[in-house]
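Notes for the one structure printed next.
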Amino acid sequence: MALPQDIRPVFQDIQDTLIRSDAPWIERSPQDKLKVLWIGRETGTWASLHHWKKGYAAPPHKHLAGAHVYILSGKLQVRDGLLNAGDYVYEPSGVLHDETKAVEDTTYLFISNGPVLFFDENGFTRYTNWEVMERLRAQAEAPQAQAAE
């Protein structure tokens, strides 16, 4: 059926995103790995799957936008609370954390609506946003693309 208007997207790179279950994990350290599931460049949002080994601790940080966290397996110590498998938490913009620690091997879904700023007693140490996640994803895909050539 023909439409009376042209509704084709102006930017053809707007496509559905599919990450297969066998997509490789991106290792950031021996205790911290992730899969970038989706990048929303137009909104600054991203979704990622994280796997932390027992004892790994993310440094203190501040959420500069709201974030959703769903624990798939394991346990995370967050501030004074413990998040268990099946727990969901929404963290509003402006939330400050001391370190977040894996009490046991833990896998969780993280959906962030914007940047996260990390710091220590001396000041800011790093910044994570959709661009950082996109670079991680692209770097992880580059060796696979070169191997296929």
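For a quick check: sort 64, 76, 96 by the number of other beta carbons within 10 angstrom, fewest at the front. Walk me through the intermediate numbers first.
Numbers: 64 19, 76 24, 96 12.
Exposure proxy ranking, most exposed first: 96, 64, 76.
How many angstrom lie between the C-alpha centres of region 43-60 and region 118-138?
First find each Cα centre; the distance between them is then 11 Å.
With axes computed from alpha carbons, what is the tilt in degrees of helix 130-148 against the longest principal axis of the chain, rounded to the nearest 10 within 0 to 90?
Tilt of helix 130-148: around 70 degrees.
When the chain is treated as a GNM, springs tying every alpha-carbon pair under 10 Å, which of 47, 23, 67 comes out with the largest mean-square fluctuation?
Highest fluctuation among the options: 23.
Which of the peptides 29-37, 110-118 is most tightly packed, and how do the rest follow, judged by the mean count of other Cβ atoms within 10 Å per residue?
By packing density, highest mean first, the sequence is 110-118, 29-37.
For region 26-148, compute Rh as the Kirkwood radius over C-alpha pairs and then the Stokes-Einstein diffusion coefficient at 4 °C and 1.567 mPa s; write the answer in µm²/s, rounded to an integer.
Values: Rh = 14.9 Å.
Here the translational diffusion coefficient equals 87 µm²/s.
Peptides 49-55, 80-86: what's the order by average Cβ count within 10 Å, highest mean first?
So the peptides 49-55, 80-86, ranked by packing, come out 49-55, 80-86.
Which of the aspartates and glutamates could a cross-linker bridge to residue 35, judged by Cα under 12 Å and excluding same-chain residues fewer than eight apart?
Reachable aspartates and glutamates: 22, 27, 134, 141.
Each value in this text was obtained by applying a stated rule to the coordinates, not by laboratory testing. Fair warning: this is a prediction, and the values are worked out from it, not measured in the lab. FYI the Cβ positions are ideal-geometry reconstructions off the backbone, even for glycines, and counts take in every protein chain you see.
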